[in-house]
Amino acid sequence: MILADISGYTGFLAAVDDAHGADFAAGALPPAYPLMKTFLDSIVGSLTPPFTLAKLEGDAVFAYADDADLTLRGEEVTACLRACYANFREHLRRTEDGLTCTCDACSSGARLDLKFILHHGSYVAQTIAGATELLGPNVTTAHRMLKNDVVATTGWPAYALFSQSAVDHLGVSDDRAMVLELEYEHIGPLSALVLPLDEG
């Protein structure tokens, strides 16, 4: 399971809402809103395939792959994530160039970043209200991993965080990676590996 989460998205939308409340009241979207669609499109386009889109969750893309279908291993995995990140950064740059509003709120979109969570484990696919949903403790674990102290610990705003089960299954390693111990209520201690995405 993989989650690609846009960091700073909630604050960005709140700032745009404050700055462009009159636009919303008039039934118009601020210039920054349609551009946000391109960010999510770029992430989905980069991850599918090899992953299958489960759903969009506001500022995050949730995707998965059955063991038999995901052939990426080792450096191929990190290369896939870094390519997705590079594509996201390129869309961000193009967004800055094409933005028609230069207010502080809209311009703050340039500070958005991207992080990935990867976890390996079983899940159950069930149809709920006409849509296929992934359920189970491992799905919960993957989502809980979004709440972490990686940035405070490492200083890396863009990163990939792998649970130990994902590391073992995918054969992931990286010279700059750090081992972290995460703790979540009802889940317990969780060993993880984090690596930076920004090569700069």
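The values are calculated or read from the model by the stated rules, or taken from the named source; none is laboratory data. Predicted, not measured: the structure shown is a model, and the values here were computed from it. Positions of Cβ are generated from backbone atoms using ideal geometry, with glycine treated the same way; all protein chains shown enter the neighbour counts. Side chains are part of the model used for accessible areas, which takes the heavy atoms of the whole protein and leaves out ligands, DNA and RNA. Shrake-Rupley method; radii C 1.70, N 1.55, O 1.52, S 1.80 Å.
Miscellaneous remarks
Results for (1) surrounded by 12 or more Cβ atoms within 10 Å (Cβ to Cβ); (2) over 25 Å from HIS143 (Cβ atoms); (3) modelled with pLDDT of 85 or more, shown as yes or no for each residue.
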{"residue": "ALA4", "(1), (2), (3)": "yes, no, yes"}
{"residue": "GLY21", "(1), (2), (3)": "no, yes, no"}
{"residue": "ALA25", "(1), (2), (3)": "no, yes, no"}
{"residue": "LYS37", "(1), (2), (3)": "no, no, no"}
{"residue": "LEU56", "(1), (2), (3)": "yes, no, yes"}
{"residue": "PHE62", "(1), (2), (3)": "yes, no, yes"}
{"residue": "ALA68", "(1), (2), (3)": "no, no, yes"}
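- Of the residues making up the stretch 172-200, those that are part of a loop (DSSP other than H, G, I, E, B) and touching a Lys or Arg at 6+ places or on another chain (Cβ under 7 Å) are ILE187, LEU197.
- Members of the stretch 68-93 found to be in contact (Cβ under 8 Å) with a residue 40 or more places away in the chain and more than 19 Å from the chain's Cα centre (by Cα), listed by number: ARG73, GLY74
- Of all residues in the stretch 114-171 being assigned to a strand (DSSP E or B) and open to solvent by 50 Å² or more (accessible area, probe 1.4 Å), the one that is modelled with the lowest pLDDT: THR132
- Residues of the stretch 83-112 that turn out to be at pLDDT below 80, part of a helix (DSSP H, G or I) and exposed (fewer than 12 other Cβ atoms within 10 Å of the Cβ), as a count: 2
- Residues within the stretch 17-32 that are more than 15 Å from ASP97 (Cα to Cα) and either within 21 Å of the chain's Cα centre (by Cα) or not in a helix (DSSP H, G or I) (or both), tallied: 6
- Those residues of the stretch 39-54 which are part of a helix (DSSP H, G or I) and open to solvent by less than 70 Å² (accessible area, probe 1.4 Å), in sequence order: PHE39, LEU40, SER42, ILE43, VAL44, GLY45, SER46, LEU47
- Positions within the stretch 70-82 being open to solvent by less than 40 Å² (accessible area, probe 1.4 Å) and part of a helix (DSSP H, G or I), in sequence order: VAL77, THR78, CYS80, LEU81
- Check on LEU190, without any contact (Cβ under 8 Å) to a residue 40 or more places away in the chain, among the aliphatic types (A, V, I, L, M) and open to solvent by less than 60 Å² (accessible area, probe 1.4 Å): no
- Long-range neighbours under 9 Å by Cβ, at least six apart or interchain, first residue farther than 15 Å from ASP66 by Cα and without any contact (Cβ under 8 Å) to a residue 60 or more places away in the chain within the stretch 110-139, second β-branched (Val, Ile, Thr) and assigned to a loop (DSSP other than H, G, I, E, B): PRO137/ILE187
- If you go through the stretch 59-69 and keep only what is among the hydrophobic types (A, V, I, L, M, F, W, C) and either part of a helix (DSSP H, G or I) or within 20 Å of ASP17 (Cα to Cα) (or both), you end up with just ALA60.
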